[in-house]
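A.B. asks: Quick one: this structure, given as structure tokens, is what I'll be asking you about.
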Amino acid sequence: MKENNQEEFKKELGLFDGTMLVVGSMIGSGIFIVSADIVRQVGSAGWLIAIWLLTGFITIVAAVSYGELSAMFPKAGGQYVYLKEAYNKLIAFLYGWSFFAVIQTGTIAAVGVAFSKFTAYLIPSLSDENVLYEISSFKLNAAQIVSIITIIFLTYLNSRGVKNSKILLTVLTVIKILSLFGLILFGFFAAKGEVWDANWANAWGTQSFNTETSSWLPISGATLITAISAAMVGSVFSSDAWNGVTFIAGEIKNPKRNVGLSLFLGTLIVTLIYVLTNLMYVAVVPLQEIATAKSDRVAVVASQYIFGDIGTLIIAVMIMISTFACNNGLIMAGARVYYTMAKDGLFFKKAAHLNYASVPSWALWAQCFWASCLCLTGKYGDLLDFVVIIVLIFYILTIYGIFILRKKMPDAERPYKAFGYPLLPALYIVIASALSIALLFSKFSTCGWGVLIMLTGIPVYYLMKDKE
């Protein structure tokens, strides 16, 4: 394949495209599923909505804080670049290492599998129950093949240039937003007063659902803090990937303005959609049924109440569109981080080149390969906890980096300054740190693995540095 000798990204994305990338990357399958676990953990409508509001608040605060960094360093690589400038290459590499090993590729795999699961609603032979090949404990099923094919297709599309993937992302994200608002609207029209009143009768009572005995147990104190932390894993994971637009800053027109604005508008739109969707759930579905929804598919239960039997198919199509658009955004953004790392001599050299279409195609295909391998492990569901812990750690470090850079580079041009500085960025650091500590205590067996994966990057960094 002919290489691009100019080694320059094409600036083909505007403010609307950037905002759609944020929205498209954030909304995957989580909003259709994770509310069931949140209700099981905290047991009331008030706490369900509060957790989504708190998640939305800290996400928007983080996004607008990133606006200052994106305006200071408007180039490809985003968060990796910010960490390198605020700290050093080692911290930046640990982020990039975790990003490639788990964060981005693990999320791409999980979203790909979510797509295939709901494709099986339309074509049952493509379900994970259709085992195609088996050797020892390894089983290859049809759903895994579907998820890998979608990842390969989207990688191929992105390798052909940013324009085609931009059009697909924008169209699918607009459809996604309109269909979600349609579901919310129809849901409120179909709402029953007695369901709403019953769900809000004990709005702030705290209880957890025991799946073995199918009974509720009251919780308080330390147990409540643990439950809130566990509940927020799903909402934080569902609200992640908003920083993808910072990775492709090199392809955004007027990045000093448009990256930060895309972050704010995108996270605000998603937070609004998420809160309204959950208000619709508690207006339509009894709390007990939210907690016990089959395979946690709350949206399917809600859609059956709203549309009848055809509701399952409506949600299946919505999630297919949602996850397909989500993975397109994740695949597009992720490769730019590996490209920037390779430029610093901290990733495979071939990842540092752009192809004839001015995109890092080798980095795209490396990402595709590892994400496909993760699809085959069958353990993508277990990635959730340690993806979230690593994500939170690096968000905390990046936002603290604003304080460091204010002292380190006091005279640097700052076209945009973090909103509410220093109070709001500091508040985010406190909340995210508290959540991280609580997760390490309550879910050490999984979150501990996440931290371990991150730390294994230290010897890898020094090995790669010695080869420079």
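The values are calculated or read from the model by the stated rules, or taken from the named source; none is laboratory data. What you see is a predicted model; the values in this text were computed from it and never measured. Every residue, glycine among them, receives a Cβ derived from its backbone with ideal geometry; neighbour counts consider all protein chains shown. Heads up: the accessible areas ignore ligands, DNA and RNA and are worked out on the full protein's heavy atoms, side chains in. Shrake-Rupley method; radii C 1.70, N 1.55, O 1.52, S 1.80 Å.
A.B. asks: List the DSSP H helices in the chain whose Cα atoms stretch 20 Å or more along the helix axis and whose mean Kyte-Doolittle hydropathy is at least 0.0.
C.D. replies: 45-72, 104-122, 142-159, 162-190, 221-238, 255-284, 311-343, 361-377, 383-408, 423-442
A.B. asks: Still on this structure, I have one more. Do any of Lys253/Lys465; Lys163/Lys349; Lys166/Lys343 go past 27 Å between their Cα atoms, and which?
C.D. replies: Over 27 Å apart, Cα to Cα: Lys253/Lys465.
A.B. asks: Something else: Which lysines have a Cα lying under 18 Å from the Cα of Lys139, excluding residues fewer than 8 positions away in the same chain?
C.D. replies: Lys117, Lys379
A.B. asks: For Kirkwood radius over Cα pairs in Å, the choices are [x] 27.9; [y] 23.7; [z] 22.5; which was calculated from the structure?
C.D. replies: [z]
A.B. asks: Which loop GluC sites (Glu not before Pro) in the stretch 1-96, with loop taken from DSSP, have no more than 16 other Cβ atoms within 10 angstrom of their Cβ?
C.D. replies: Qualifying residues, ordered by number: Glu7, Glu8, Glu12.
A.B. asks: I'd like to check one number: the per residue accessible area of the chain, probe 1.4 Å, reported in Å² as a whole number.
C.D. replies: 40
A.B. asks: At a Cα cut-off below 18 Å, give the lysines reachable from Lys408, other chains included and same-chain residues fewer than 8 away excluded.
C.D. replies: Within the straight-line limit of under 18 Å, Lys408 reaches these lysines: Lys84, Lys89, Lys417.
A.B. asks: Rounded to the nearest percent, how much of the accessible area of the chain (1.4 Å probe, protein heavy atoms only) is carbon and sulfur? Write down the numbers at each step before the final one.
C.D. replies: Details: 12500 of 18940 Å².
For the chain, the apolar C and S fraction of the accessible surface comes to 66 percent.
A.B. asks: Find the relative contact order for the chain and round it to a whole percent, using C-alpha pairs within less than 8 Å whose residues are 6+ positions apart. Please list the in-between numbers first.
C.D. replies: Numbers: 818 pairs, mean separation 165.1, N = 468.
Reported as a whole number, the value is 35 percent.
A.B. asks: Right, here's the next one. Counting only chymotrypsin sites (Phe, Trp or Tyr not before Pro) that are in a DSSP loop and have at most 16 other C-beta atoms within 10 Å, tell me the longest site-free stretch of the chain.
C.D. replies: 1-203
A.B. asks: Could you work out [θ]222 nm for the chain from helices alone, using -39500 (n - 2.57) per DSSP H run of at least four and dividing by all its residues? Round to the nearest 500 deg cm²/dmol.
C.D. replies: The helix-only estimate for the chain comes to -23000 deg cm²/dmol at 222 nm.
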